[in-house]
């Protein structure tokens, strides 16, 4: 062991010991005052909070002034919020009131967030779908089918930010420890649609907010056409609210939630009664026009292009939606974050294209980011990341009854003569039956078939899958899937399956699972990081909230382990053990220290860096890890990550500082750098990845955004500048400039400059 690694181990041990000494007190059970709050609200027969919607003749003016408009005066508010963090079970430190009214076509929420000292209100961003973690905020989740698993989420902050998304399976599937826990992320859009929560879904709705001497208020108007719901006039919906008071790092809920859960936990939501819904009449047309100027690095000429297309949305029934698209274009979509690949397996990039995002959770079968039977980025994006033109397609998705979810997707792409890529037809069919207590069972079929003159003989690929989930009370979940592929020329061992079990209590989060992937399992319209393996994994996390004088909120030691064996030879390919010790303070500061114990069995040599090859061998190593961040809600915050230890027979030092800055709600910036200093027997090299992200919001619907990335592992730097003036559902005017260049004499694939101007407009035909 090197001297550098020994020093890091000593530091890890010291911090871990300090945490153990400080945190010997048992967690507090904060329940005082809960009875007083319960007396302030109406309950259902099952003991959940109950809210009522009131029919009104006229619509309120959506200006954020709830207390100054008479239409809200006589409406009984929903109130009585209880803390989840920091003092679980205690009444919220500030009062919150929510009034609900509706007209024949729209449901309205009047929100009053009282603040004793309005100068403490924190507003960090105003761009649509920006994170609500580091700002004062309010969120609504609506379970229109009362299936206690799926819903629509709407949120805002004192600047009137628009935040929305779709929740599937209570948001479960994306976190290491399950439970639907929402973790901080620098870019909401980079999350894509995986993990049970699709933040890239954009609905048509309105919001306005204002700050006053009492705190801040907001009015939200959601047309019934934006939602999906069952047939019937008078309905009961699942409902919950979340309020963040950022200066106190406080989260409170109307329907109280144990600390291991977040707003997505619809099985613990309250109810909204008395709402009369109209028959669904929804026909929306969204045409676009596009102009583009393109110049490649190796070309002296500028090419001018133009295009047009359209999307159509029609409600076949109140719960079933037909989406059609023609000449689909995604020029306005945020570019991918660069990644550094220092291994021999595929990297995962999330889906962010709007057409593929509505009801995306329904089409999810597998393990997000690891093994997915259907991965929509395989449609219209080539292996090198270049765009393959989409001629058109359609999607039929929704519910039959209250508990049967169905989805059908068909997309036709065009051929690309320059690369010899044939046109392809993609078909996906999905059905899932939901049951009580968070359980379901489903099946899916995926087909790709080449068409046209460039198609080869028997050029197709098919996947078949079944999946299910069994909820055991509120703490246990057993889930799994099994899949089979059909590819010409591949026979035998074309299967994959997974079984996993989760236990989530206030103190402990446990997970165990087993995965098997045959060497000929080939989901060409899916994603897999590696093929031909068996994997077992387990993790445990325990959380303490001690009484202490140091301002410590949580101590969360945790450990995880997985082992991967080659399917054919049985040889161990990877073994990974992670031991970590994390602490979070009430002021938002966090620190975690730990170790990774790794074993890599390299069965075939691979080039990790130009001129540096990792030979066949078994590599046993240990590394020390540390992460630290200051309060992310402050105007300036800092994050630092470090890993030091052995790496493929040599040493690696990985450093990752990040600085975030904001000025009110208008300007924010992130500067990050990742440096890998690697010394291997085959050679030494340094891999750097730098990112600068700048955002300026003129209004909540007008912004300027810049993303500059430097990646010397891929020998490129790139810049993406987007100016947008948005209208409904993220349509509007987009001006996008992209520039990708090589470092030195290197010319990456697709290097050049592109200027795109795109305008789209949503027409509500039946309104």
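What length, rounded to one decimal in nm, is gained on full extension from residue 663 through to residue 482, with 0.36 nm per residue of separation minus their alpha-carbon distance?
Details: separation 181, 0.36 × 181 = 65.16 nm, distance 4.97 nm.
Length gained between residue 663 and residue 482: 60.2 nm.
Gain in length, residue 343 to residue 491, computed as 0.36 nm per residue apart minus the alpha-carbon separation, to one decimal in nm?
50.4 nm
What FRET efficiency would be calculated for the residue pair residue 679, residue 451, taking the C-beta separation as r and a Förster radius of 51 Å, to the nearest 0.05?
Here the calculated transfer efficiency is 0.50.
Just need the relative contact order of the chain here, percent rounded to a whole number, with Cα pairs under 8 Å and 6+ apart.
In percent, rounded to a whole number, it is 11.
Å³ per residue of the Cα convex hull, for the range 193-238?
160
Name the residues of the range 383-413 whose amide N is less than 19 Å from a point 7 angstrom out from the Cα of residue 429 along the C-beta direction?
Within reach of a label on residue 429, which here means backbone N under 19 Å from a point 7 Å along Cα→Cβ, the range 383-413 contributes 393-401, 404-412.
Rounded to the nearest 0.05, what FRET efficiency do residue 694 and residue 604 give with R0 = 41 Å and r taken as the Cβ-Cβ distance? Could you check?
The calculated FRET efficiency here is 0.45.
Compute the whole-percent fraction of alpha carbon pairs in the range 45-95 spaced more than 13 Å apart. Before the final figure, lay out each step's value.
Values: 909 of 1275 pairs.
For the range 45-95, the fraction of Cα-Cα distances above 13 Å is 71 percent.
For 653, 56, what ranking results if the residue with the fewest other Cβ atoms within 10 Å of its Cβ goes first?
With the sparsest Cβ surroundings first, the list reads 56, 653.
Could you check what % of the DSSP bridge pairs in the chain are antiparallel, to the nearest 5?
Roughly 100 percent of the DSSP beta bridges within the chain come out antiparallel.
On full extension of the chain, what length is gained from residue 285 through residue 116, given 0.36 nm per residue of separation minus the C-alpha to C-alpha distance? Working shown, then result.
Working: separation 169, 0.36 × 169 = 60.84 nm, distance 4.60 nm.
So the extension gain works out to 56.2 nm.
Hey, fewest Cβ within 10 Å first, where do 527, 197 land in order?
Taking fewest neighbouring Cβ atoms as first place, the list is 527, 197.
Using a basic spin-label model with each label point 7 Å from the Cα along Cα→Cβ, how many nm lie between residue 761 and residue 44?
Rounded to a tenth, the inter-label distance reads 4.4 nm.
With n ≥ 4 as the cut-off for DSSP H runs, can you work out [θ] at 222 nm for the chain, using -39500 (n - 2.57) per run divided by the number of residues, rounded to the nearest 500?
-1000 deg cm²/dmol
Whole number please: convex hull volume per residue, Cα atoms of the range 339-486, in Å³.
146
How big is the convex hull of the Cα atoms of the chain, per residue, in Å³?
So the per-residue hull volume is 157 Å³.
According to the square roots a ≥ b ≥ c of the eigenvalues of the Cα gyration tensor, what is the shape class of the range 609-767, taking rounded for a/c under 1.5, prolate for a/b larger than b/c otherwise, and oblate for the remainder?
The shape class here is prolate.
In Å, what Kirkwood hydrodynamic radius results for the range 31-276 from the alpha-carbon pair distances?
One over the average 1/r among Cα pairs gives 17.9 Å for the range 31-276.
Please rank 671, 510, 132, fewest neighbouring Cβ atoms within 10 Å first, as an exposure proxy.
671, 510, 132
Values quoted throughout were computed directly from the atomic coordinates according to the rules given, and no laboratory measurement underlies them. Keep in mind that this is a model prediction, so the values were computed, not measured. So basically every Cβ, Gly included, is an ideal-geometry build from the backbone, and we count neighbours across all protein chains shown.
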